[in-house]
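In what follows, a single structure is set out as structure tokens and then discussed.
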Amino acid sequence: MVKLMKVLLVGGGGRENAIGEALVRDGAELYVVSKHRNPGLARLAKGYGMARETDVEKVLELALEWGIELAFIGPEAPLERGIVDLLEENGIPAVGPSREAAQLETDKAFARSLMEEYEIPGRKLFRVFEDVSEMCSWIDDFGRPVVVKPLGLTGGKGVKVVGYQLRDNEEAKAYAEELIRKDGKVLIEERTDGVEFTLQVFTDGKRVIPMPLAQDYPHAYEGDEGPITGGMGSYSCPNHLLPFVPREDYEKALKTLKATVEAMRKNGTPYKGILYGQFMLSREGPVIIEYNARFGDPEAMNVLPLLKTGLLDIAEGIVDGSLGKAEFEKKATVVKYLAPRGYPLSPVKGVTVEVDEKAIEDSGAKLYYASIDEDFTLLGSRAVAVVGVADTLEEAEGIAESAIPYIKGELFYRRDIGRRESVEKRIMMMKGLGKEFEPNSC
Ligand code: GLY
């Protein structure tokens, strides 16, 4: 029997378009609050409220007005504002962690200390400093390359790594000093060399259900060049692994996320919702780079189209502590985002783009809207995503690529996402680090 439940979705990006689609597919009556009218969500929603996602009082007001029975929180910023706590205090169960539990993403020192205290595998050496001279002497004594991170949310822009955004540990000290002067504190970590991958899980605070692995492409330009963005696209494989992630390393990464959920329970800060592990696969195994307290964007668009289990069922299991199974089709996916020219540093805004939705549908690609208004005006961030789903990576990439010509305007995208050469490059990077493995097929 088809359920009809009033579900509130907070957020209006590509990730939320995919979440909204999956909820409606499972019978939800959808209500959305976001700061712009996403054309994809506007079509799916029965009600649409325009408000900043961080204006949690306004979100609550709309939720009560609409008689919402369940809420799904897309982005991290409202989690930091305690949106889940507020909704639940008012009788609306919500998929997402409490403000305290969201600290796994919103306070990097909290996350690292938790890993240390509960001896979670995949942790790395870190220190938090408030004093500039202590920080400088520690980095000097440490001697190896470091990573400098602000403690709070920075929209992916604050982390700097020696050898990438920072030339050497001297530049790291200067940047860390800047952060201490601005924020009062800074996190310094050892640098881990390897290749990054994403593992996302559903959890009700006890049970942890993994989703297929995905690989994000954070750099703006082809060949992994240019500034870091929210992610220009991503791919996943039919066996739910990645070519350069052997099964035993996948198991280790899953163990890390299971241990994290268990630690959060023991810590008195139980975690429910989606937990996203950004891992670096090093020669020794997977190491946590960051936790996120929500789906990845674009990675949500890899996994949600593959869900065989209803997302509404999963959401209900998350909020009432009875999470069951979550099954995914054994297919490859490739997501390609089109972003405004100049993104992320000086994006074109306010111009319109043309999207031939019928031709995209005929191409077999899925289409998700993000930072674009209902009148197709670019708002300055990643605007439209196309997704290919197929039996092989090559076919999925071809489907995504075939949809691109039907989106016209001042946009750019990365052709290399999910292509064989870029996958090979990651395999070679792992081999170059001395890791012996047989690449998985994709
Ligand atoms: N794709 C990275 C993120 O969602 O944070």
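Some values worked out for this structure:
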| item | result |
| --- | --- |
| Candidate lysines for bridging to Lys425, where Cα separation is under 17 Å - those fewer than 8 sequence places away on the same chain excluded | Lys435 |
| Part-to-part distance (alpha-carbon centres) for region 195-220 and region 104-174, which is given in Å | 22 |
| Over 31 Å between alpha carbons, listed pairs Lys160/Lys431; Lys160/Lys258; Lys157/Lys366; Lys325/Lys358; Lys157/Lys308 | Lys325/Lys358; Lys157/Lys308 |
| Estimated vicinal HN-Hα couplings, Hz - region 403-416 in sequence order (Karplus 6.51, -1.76, 1.60; Gly, Pro = x) | 7, 4, x, 8, 10, 10, x, 7, 10, 9, 8, 9, 5, 7 |
| Rough spin-label spacing in nm, given labels placed 7 Å along Cα→Cβ, for Arg25 and Glu88 | 2.8 |
| Karplus-derived 3J(HN,Hα), 6.51/-1.76/1.60, for each residue of region 11-18, Hz, glycine and proline x | x, x, x, x, 4, 6, 4, 5 |
| Using θ = phi - 60° and Karplus 6.51 cos²θ - 1.76 cosθ + 1.60, couplings along region 343-354 (whole Hz; Gly, Pro as x) | 4, x, 7, 9, x, 5, 9, x, 9, 9, 10, 10 |
| Amide H within-cut-off set for Arg415, under 5 Å, with H built and near neighbours excluded | none |
| Value of Rg to Rh for region 297-402 (Rh from inverse mean 1/r over Cα pairs, i.e. Kirkwood) | 1.06 |
| Nitroxide proxy distance, nm - points 7 Å out along Cα→Cβ at Arg144 and Glu424 | 3.2 |
| Under-5 Å amide H pairs with Ile289, H placed in peptide plane, nonlocal only | Gln278, Phe279, Met280 |
| Principal axis box of region 167-303, alpha-carbon based, largest edge first, Å | 43, 42, 28 |
| Which of Arg43, Arg112 has the fewest Cβ neighbours within 10 Å, and the rest in rising order | Arg43, Arg112 |
| Computed helical MRE - 222 nm, the chain, DSSP H runs ≥ 4 contributing -39500 (n - 2.57), nearest 500 | -9500 deg cm²/dmol |
| For the chain, convex hull of alpha carbons as volume per residue, Å³ | 136 |
| Sorted peptide list for 311-320, 220-229, criterion being average Cβ within 10 angstrom, highest first | 311-320, 220-229 |
| Protection proxy ranking, peptides 46-57, 83-94, average beta carbon neighbours within 10 Å, highest first | 83-94, 46-57 |
| Fraction of alpha-carbon pairs over 15 Å apart in region 12-102 - percent | 55 |
| Packing-based ranking, highest mean first, of 11-21, 376-386 given that Cβ atoms within 10 Å are counted | 11-21, 376-386 |
| Calculated P(r) of region 1-55 - Cα pairs past 13 Å, % | 50 |
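Rule-based calculations on the coordinates, nothing more; no lab input. Nothing here was measured: the structure is a model prediction, and the numbers come from that model. Here Cβ is always computed from backbone atoms with ideal geometry, including for glycine, and neighbour counts include all displayed protein chains.
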